[in-house]
Amino acid sequence: MPTVILVRHGRSSANTSGVLAGRTPGVKLDDTGVQQATAVAERLAGLPLAAIVTSPLDRCKQTAAAIAKHHPELRPATDRRLTECGYGDWTGQKIGTLAKDPLWTVVQQHPSAVTFPNGESMRGMQQRAVDAIRAHDAELAASHGPQALWVAVSHGDVIKAIVADALGQHLDTFQRIVVDTASTTIISYTPTRPFLVRLNDSGSELASLVPPPPKAKRGTRKSAVPSSDAVVGGR
């Protein structure tokens, strides 16, 4: 299956004001966030991307648009399944205020039990996000081959939940994962298991993600299906 490059949006005005933006409309990147989006776009510029998919929220669409400037053949597609968690009544409130709510402790220690008041459950958020990634992977495998690279621009909690699933971890452990603004997290899906290739990466080169040319076999050139086996002793 293809490799997905999960990109968290650049820093937004809500990130610096200490407010839980959630799905609040109109939350955009601040000046630093624009610079971060430009930087991650430049890191991705040399990769043969098959698709760019984004959350419908403005801060993600801005980040996706920056990436697409280096890939004029691609038009970012919007997928609502990659949107921010539905925080319900928590949306727009100060983090300091929310930290005093009894539900805060549950969010930190037992997120699989959380349904936000008048909002979404964290289990539901993880399920629809993972479903989206796997669906796009399957579509791109069919249209671009098993070694395709593609980008999904989303949000911190959403990416953390996808990573937890890829690692086979319970959702209750996902708060141990850190995903910074404008970072890349890379997961390669194979027929029987995913591999977490990079996590919360904000600076390393990405050229090594480009798959090698397919080897000729008996006069036929075919794209190799990624192996599901881990390399003993490391690669």
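The values are calculated or read from the model by the stated rules, or taken from the named source; none is laboratory data. Remember, it's a predicted structure, so these values are computed and weren't measured experimentally. Here the Cβ is made from the backbone with ideal geometry for all residues, glycine too, and neighbour counts use every protein chain on show.
Restricting attention to region 53-80, and to residues there that are touching a Lys or Arg at 6+ places or on another chain (Cβ under 8 Å) and not in a helix (DSSP H, G or I), which single residue is farthest from GLY156 (Cα to Cα)? That would be PRO76.
In region 113-142, the residues that are on the phi < 0 side of the Ramachandran plot and in a helix (DSSP H, G or I) form Cβ pairs under 7 Å with partners that are among the aromatic types (Phe, Trp, Tyr) and at pLDDT 95 or above, at six or more places apart or across chains, as follows: HIS136/TRP150; LEU140/TRP150.
Please find, among THR16, THR38, the residue that is touching a residue at least 12 places away in the same chain (Cβ under 8 Å), among the polar types (S, T, N, Q), farther than 30 Å from SER143 by Cβ and surrounded by fewer than 21 Cβ atoms within 10 Å (Cβ to Cβ).
Details: THR38 fails: farther than 30 Å from SER143 by Cβ.
Step by step, each of THR16, THR38 is checked, and only THR16 is touching a residue at least 12 places away in the same chain (Cβ under 8 Å), among the polar types (S, T, N, Q), farther than 30 Å from SER143 by Cβ and surrounded by fewer than 21 Cβ atoms within 10 Å (Cβ to Cβ).
Which one is farthest from LEU140 (Cα to Cα) among residues in region 74-129 that are among the acidic types (Asp, Glu) and surrounded by fewer than 17 Cβ atoms within 10 Å (Cβ to Cβ)? Result: ASP101. Per the listing THR78, THR115, THR97, the residue uniquely in contact with a helix residue (DSSP H, G or I) (Cβ under 9 Å, 6 or more places away or on another chain) and under 25 Å from SER13 (Cβ atoms) is THR78. Is it true that GLY33 is farther than 21 Å from ILE133 by Cα and part of a loop (DSSP other than H, G, I, E, B)? In short, no. Scanning region 63-73 for residues that are crowded, with 19+ Cβ neighbours inside 10 Å and touching a helix residue (DSSP H, G or I) at 6+ places or on another chain (Cβ under 6 Å) yields THR63, ALA66, ILE67.
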